[in-house]
Amino acid sequence: MKVTKKSTRSEMVSSILLQRILDGEWAVEERLPTVDELNTLMPASRATIHKGIQSLVEDGYLRSRRGSGVYVQRNTFLRRILVHVGGGRLDADHLFAMAVTRKLEEAMMTADMQTELRLESNSAQLDDRLAREMAQRRFHGVISVQSNLPFQWLQRPEHEKVRLPMVHVGVHNACPSVFVDMNEFQRQALDAIPFGRKILYFARSGDESTGDGFVALAAPRGHATHLLTDSELAKFDASEEVGFRALIQAWKRLDGDFDAVVVPDDVMGKGVAQALLALGQDVPETIQVIVLTNLGVDLFYPVPITRIEVDTTEVVGRAINLLENSLEGRISAAEQPPRVLVKPRMRIAAIPA
């Protein structure tokens, strides 16, 4: 906790107590002096001291036991990390973000980091309250999971006054980032499709030279490709519905003239598989489906698919490593932010009985 000229008296009390805890004056599981006893040791009212203690309880340094007192829970520095997740919810429509977020929370518990989870609003705005908390250094660092937080924070004047270590899981040019190498996904997908086939590719816009976003080559060697782009996919709300409706529309427009479908999304791929099943009994046997998914994801697909899997454990490990380097000052703000590519691994999915 950093004390500034604008710090409240309770924050000053918290800072004094925290420093004494970190210095080992009170051991873990040792009872803290009572509020009355502390009142004789520092120039603050009992109410202010109580508020300062409660702040340390909320931060995980102290634990209150009813009828017994307040005890030291930890005596090592705990860094508060904001985990900001894209979208307005964290559910089955956002499997990648959900898997990464859950593993981040688990991994940070063993890395002396306390997570505070916030979900990005549907309007994708960084609201004034959160911006104020960031500017006031409520957090020691930030991990953004497929959200617009890095872009929006860097547009605000507050960011120039506050050095806030930030890592993005996804792609962002202005801060360290960990993201899936979509070009590697494409290479593995094409390797799994027999030469000369016609491909329907559910594409996302991006820069292939940097690996930015989901990228699809317009005409991979030996294949004829039709792309469904961002503008076409944005007509629908839920990921599964996007897959279903877009596949049906493409089928009508192309007269079913394609041999394989490549989809860089778990749930959208499920919608594609359901659409193929709805189109006719023989379709699943003649059209190959390749989907990018999380390693070990338990998602039922109604037709046989090939899964190219991403190990989200590796994504989380890389993100925390980058954040720790940034927190310790080993990544200079003046340098080009590091960008870590995670390459997916392929396996043929087992078909549920």
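A few notes on this one:
- In the set 4, 40, only one residue is at pLDDT below 80 and loosely packed, with under 14 Cβ neighbours inside 10 Å; that residue is 4.
- Criterion: farther than 20 Å from residue 178 by Cα and open to solvent by less than 20 Å² (accessible area, probe 1.4 Å) - qualifying residue of 276, 292, 322: 276
- Residue 187 vs. criteria in contact (Cβ under 8 Å) with a residue 24 or more places away in the chain and charged (D, E, K, R): no
- For the stretch 67-74, the criterion of being surrounded by 18 or more Cβ atoms within 10 Å (Cβ to Cβ) and among the hydrophobic types (A, V, I, L, M, F, W, C) is met by at least one residue.
- Restricted to helices (runs of 4 or more DSSP H) entirely inside the stretch 1-84, those with at least 3 residues that are under 20 Å from residue 113 (Cα atoms) are 9-22, 46-58.
- Residue among 305, 287, 351 that alone is over 24 Å from the mean Cα position of the chain (by Cα), closer than 23 Å to residue 187 by Cβ and modelled with pLDDT under 90: 305
- Residue 83 touching a Leu at 6+ places or on another chain (Cβ under 8 Å), open to solvent by 20 Å² or more (accessible area, probe 1.4 Å), modelled with pLDDT of 80 or more and of a type in the set (A, V, I, L, M): no
- Scanning the stretch 249-259 for residues that are open to solvent by 30 Å² or more (accessible area, probe 1.4 Å) and either in contact (Cβ under 8 Å) with a residue 60 or more places away in the chain or under 27 Å from the mean Cα position of the chain (by Cα) (or both) yields a count of 1.
- Failed item in (1) surrounded by 17 or more Cβ atoms within 10 Å (Cβ to Cβ); (2) touching a residue at least 24 places away in the same chain (Cβ under 8 Å), with residue 35 passing the rest: (2)
- Note on the stretch 128-204: enclosed helices (runs of 4 or more DSSP H) holding 1 or more residues that are out of contact with any Cys (no Cβ under 6 Å at 6 or more places or on another chain) and among the basic types (Lys, Arg) are 128-135, 182-191.
- In the set 78, 104, 32, only one residue is on the phi < 0 side of the Ramachandran plot, under 22 Å from the mean Cα position of the chain (by Cα) and modelled with pLDDT of 85 or more; that residue is 104.
Every residue, every condition in (1) without any contact (Cβ under 8 Å) to a residue 12 or more places away in the chain; (2) in contact with a Pro (Cβ under 7 Å, 6 or more places away or on another chain); (3) in a loop (DSSP other than H, G, I, E, B), yes or no:
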{"site": "247", "(1), (2), (3)": "no, no, no"}
{"site": "261", "(1), (2), (3)": "no, no, no"}
{"site": "273", "(1), (2), (3)": "no, yes, no"}
{"site": "292", "(1), (2), (3)": "no, yes, no"}
{"site": "298", "(1), (2), (3)": "yes, no, yes"}
{"site": "302", "(1), (2), (3)": "no, no, yes"}
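- Any hit, the stretch 232-247, residues being touching a strand residue (DSSP E or B) at 6+ places or on another chain (Cβ under 9 Å), modelled with pLDDT of 75 or more and not aliphatic (A, V, I, L, M): yes
The values are calculated or read from the model by the stated rules, or taken from the named source; none is laboratory data. Given the structure is predicted, the values throughout are model-derived calculations rather than measurements. No Cβ is skipped: glycine too gets one built from the backbone with ideal geometry, and neighbour counts run over all protein chains shown. Surface accessibility is based on the protein's heavy atoms, side chains included, excluding ligands, DNA and RNA. Shrake-Rupley method; radii C 1.70, N 1.55, O 1.52, S 1.80 Å.
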